[in-house]
1. In whole angstrom, how long is each semi-axis of the equivalent ellipsoid of the range 1-41, when you take the square root of 5 times every eigenvalue of its Cα gyration tensor and sort them from largest down?
2. Treat each spin label as a single point 7 Å out from the Cα along the C-beta direction, and report the ALA128 to LEU53 distance in nm.
3. Mind telling me which of THR136, THR68, THR29 comes out most flexible in a GNM of the chain, alpha-carbon contacts under 10 Å?
4. Among all the lysines, which ones have a C-alpha under 28 Å from LYS2's C-alpha, if same-chain residues fewer than 8 places away are not counted?
5. Report, to two decimal places, the Cα Rg of the chain normalised by 2.2 N^0.38 Å (N = number of residues).
6. Listed highest first by mean packing, meaning other Cβ atoms within 10 Å per residue, what order do 168-180, 71-83 come in?
7. May I ask you to derive the relative contact order of the range 1-41, considering only C-alpha pairs under 8 Å and at least 6 residues apart, and to give it as an integer percent?
8. Rounded to whole Å and ordered largest first, report the semi-axes of the equivalent ellipsoid of the range 1-116 derived from its Cα gyration tensor (root of 5λ).
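Each value in this text was obtained by applying a stated rule to the coordinates, not by laboratory testing. Please read these numbers as outputs of a predicted model, since none were measured by experiment. No Cβ is skipped: glycine too gets one built from the backbone with ideal geometry, and neighbour counts run over all protein chains shown.
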Amino acid sequence: MKKPIVLLLLIVGILLLIVSIKASVIVLTFAAIGILILIAERKAEVLDNWSALIRGAKGNRDQVISKTKELIEISKAPSIEMNEVMVGPTFASSAIGETRAFLVVADRRNLKLGCYKAYLCANDYGDALFVSWYLTYMPDVWQTIASLFPGTRKAVGLDDLNLFNQQDLTAYVTCVHQCMIEAVEQMMSGKGLDTSKIDRRTKGFLGIS
């Protein structure tokens, strides 16, 4: 319901410009607040993921993440952007410091793929190291604004991934997956751990192995 209300406020605010600029400014201000709320309430949808709990690997987080970054760079995958950031499950939890460190990877070749980000993480869990990644989808700010207007997303081609987009998305995520697996295996081999126990298949719509 929030989107129709914000759209209505925008339309009314623009129409009021003909009658009263002051009234128009007030209504458009409420519309702007509504847009900010919609942007703040965006939630990432998890589309695919992979994880492994490696016993006896506590304390190797930095090695796994650094090696994964290095392998992604070596792969020369086009237009890949990587950033290490602190991420919280919600805006409120992030504000009070409830965060974890993630390596965020995105393919910036086009606007569609930029909304699909891979969050890579490695954290100690008891005497083990829990390694994981999550492929998420969340619309950018301008896409959230565009979605207020009926038919806009389809008009600018944001509704569906075409064949090429799907190929590029699968290639990019597979690259990230393979690089993290290799980084984990190298770490395990260095510690004399059995790498054959790692389940390589992802648990989502891509089903990468």
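1. One finds semi-axes of 20, 10, 5 Å for the range 1-41.
2. 0.3
3. THR29
4. LYS22, LYS43, LYS112, LYS117, LYS154
5. The reported ratio for this selection is 1.28.
6. 168-180, 71-83
7. Computed over the range 1-41, the figure is 43 percent.
8. Taking √(5λ) for each eigenvalue gives 43, 18, 12 Å, largest first.
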